[in-house]
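A short worksheet on the structure shown next.
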Amino acid sequence: MTDDAATEAPVLRKAASEDAPGMLRVLEAAFGRWPAFELTATPLEHLQWKLTELQADTPFGNWVVTVGSEIVGVRMHWFAPVRVGDLEYDGDTGADVAVHPGWQGRGIGRLLVAERDRVVAEARQVTIETPSRSAQLLHLNDVPDHVLRPLLVWERPFAPAALLRQHARAQRWGTLPRDAWRTFGPQHARLISGPARLEQMAMFDERSDALWEVAGRQFDVARTRAAAFMNWRYIDRRSGDAVVLGAVEDGRLLGFGVFKRDGAVGNVLDLMVDPGQPEVARQLVVAGSERLRRLGAKRAVCWLTEGHPLEPELARSGFAPVGTATLDLQRRDRSPAAAMAVIEAPETRMHVTMGDFDFV
Ligand SMILES: CC(C)(COP(=O)(O)OP(=O)(O)OC[C@H]1O[C@@H](n2cnc3c(N)ncnc32)[C@H](O)[C@@H]1OP(=O)(O)O)[C@@H](O)C(=O)NCCC(=O)NCCS
């Protein structure tokens, strides 16, 4: 910090792409390691990906606080429309919030959060979040009410010892023979070669838009999986090193799955199949798990909302529920009432996957 900077007032403004190096300095100082997951792109490339125009021209955008010429605070958002019933709303997922350690505790975090809330109040916003682990951020976030929903965490071990550990943790010995068969049985090898043809997808395109039109209709609430967003989220290698598999029959996309390894864990980031062909989900997750295993993962993990139509297919693919994560849909003062009524109804069918968040 320079003497000049110490005497100047903090200024909040929208972030521009040339701010990336200064923003990265703040993120790395505040978080230690940023991003928190493995990727082959550099942290600067990853940040430039997050600052893309697709995100900048949204009602929320990305923000910095400067003191003099120094960037000292960062707030990013992740935007994509969310479909609720037949309507689309501005969908927001909070991404990184950080203040440089040398500037923390002086109200800069509050400035970043308050300005964001002012802007968001003008938008028709639906928030998709997981609850923050930062007590300070929770204190700063002025959310009047949290609508919490459980997400089931499913796991598929890749080695018999890991399956035994899973059963020991849950004290679920009775289902061990069945689960061992489901996980390691020879049926999976056959499945990879049928019923559809699997291909590594180089792009999401009109075929995936057509699939979303049909498959998305199964749900009352889901982030719109339009090709432009999906290409930014999963195909752009600066986002991370995802394996995107498509299941194709007669030129039609019947389903896709997105898989990404992070250390010993292989995550299923996204999964969508034609509702008339649920077995394609099994083919995708079995083939995707095999890719994750070969990349060095020890187990595959998948999040789905409870009661999701693909639960039986996951169970048949050797996945078992091992716990829950929490989805936070946040009721703000100006949240659109019609959307919140759908979101809060207990029977609402939601499609939320791990890839809806920025920590993977
Ligand atoms: C979280 C963070 C952005 C806050 O920035 P900041 O500039 O230090 O925040 P401010 O000075 O505006 O405000 C701090 C507030 O938190 C409160 N606070 C401090 N420690 C707290 C704690 N452990 N629990 C709850 N509140 C706490 C302070 O009292 C103050 O509230 P007040 O204004 O009502 O008095 C910053 O600490 C940071 O970068 N942390 C590391 C990265 C991180 O964890 N980001 C959040 C997850 S993405």
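Taken together, the values in this text are just the output of simple stated rules run on the coordinates, not laboratory data. Small disclaimer: the values here were computed from a predicted structure and weren't measured. All Cβ positions, glycine included, derive from the backbone under ideal geometry; neighbour counts span all protein chains shown.
Can you compute the FRET efficiency between Gln200 and Thr7 using 1/(1 + (r/R0)^6), with r the Cβ-Cβ distance and R0 = 56 Å? Round to the nearest 0.05.
Between Gln200 and Thr7 the formula returns 0.50.
May I ask for log10 I(q)/I(0) of the range 273-345 at q = 0.13, 0.27 Å⁻¹, from a Debye sum over the Cα atoms as equal point scatterers with solvent left out? Ignoring solvent entirely, the Cα scatterers give -0.56, -1.24. Computed on the range 3-142, the Cα convex hull volume stands at 123 Å³ per residue. Taking label points 7 Å from Cα along the Cα-to-Cβ direction, Val143 and Asp236 give a separation of 2.5 nm. Name the residues of the range 8-37 whose amide N is less than 13 Å from a point 7 angstrom out from the Cα of Arg118 along the C-beta direction? Flagged as within label range: 11-14. Between amide H atoms placed 1.01 Å from N, distances below 5 Å from Val147 occur with Leu329, Gln330, Arg331, all of them 5 or more places distant or on a separate chain.
Taking springs between alpha-carbon atoms closer than 10 angstrom, which of Thr183, Thr175, Thr42 fluctuates most in the Gaussian network model of the chain? Comparing Thr183, Thr175, Thr42 in the GNM, the peak value goes to Thr175. Near Asn267, the amide H atoms lying under 5 Å from its own belong to Lys260, Arg261, Asp262, Val301; only residues 5 or more places off or on other chains count, and H is placed 1.01 Å from N.
In percent, rounded to a whole number, the relative contact order of the chain is 22, using alpha-carbon pairs under 8 Å and six or more apart.
If R0 equals 22 Å, the separation of the Cβ atoms of Phe359 and Thr175 corresponds to a calculated FRET efficiency of about 0.10.
Across the range 81-230, the relative contact order, built from alpha-carbon pairs under 8 Å that are at least six residues apart, equals 31 percent.
Which residue, chosen from Trp154, Thr175, Phe219, occupies the Cα position most advanced towards the positive end of the dipole of the chain, where the dipole is computed from +1 (Lys, Arg) and -1 (Asp, Glu) charges on Cβ about the Cα centre? Sorting the options by dipole projection puts first Thr175. Screening the chain for whole DSSP H helices of 15 Å or more along their axis (Cα) with average Kyte-Doolittle hydropathy at least 0.0 returns 20-31, 108-121.
When the chain is fully extended, how far beyond the present Cα-Cα distance does Thr326 get from Thr348, taking 0.36 nm per residue of separation? Could you put the intermediate results ahead of the total?
Values: separation 22, 0.36 × 22 = 7.92 nm, distance 1.59 nm.
Contour length minus the Cα-Cα distance gives 6.3 nm.
Stretching Ser132 away from Ala341 to a fully extended chain increases their span by 72.8 nm, per 0.36 nm per residue minus the current alpha-carbon distance. Straight-line cross-link partners of Lys298 among the lysines, defined as a Cα under 22 Å from its Cα and at least 8 positions apart when in the same chain: Lys260. From helices alone, the chain scores -9000 deg cm²/dmol at 222 nm; the rule is -39500 (n - 2.57) for each run of n ≥ 4 DSSP H residues, then divide by the residue total. Each peptide among 231-244, 8-21 gets the average number of other Cβ atoms lying within 10 Å of its residues, and from highest to lowest they stand as 231-244, 8-21. Starting from the Cα gyration tensor of the range 150-356, take the square roots of the eigenvalues, sort them a ≥ b ≥ c, and report rounded, prolate or oblate (rounded when a/c is under 1.5, otherwise prolate if a/b is larger than b/c, else oblate). The shape class here is oblate.
Averaged across orientations, what area in nm² does the convex hull of the alpha carbons in the chain project?
18.4 nm²
Contact order, relative form, for the range 3-142: 24 percent (alpha carbon pairs under 8 Å, 6 or more residues apart, mean separation divided by residue count). Per Stokes-Einstein, at 37 °C and 0.692 mPa s, what whole-number D in µm² s⁻¹ belongs to the range 91-204, with the Kirkwood radius over Cα pairs as the hydrodynamic radius? Approximately 168 µm²/s, per Stokes-Einstein.
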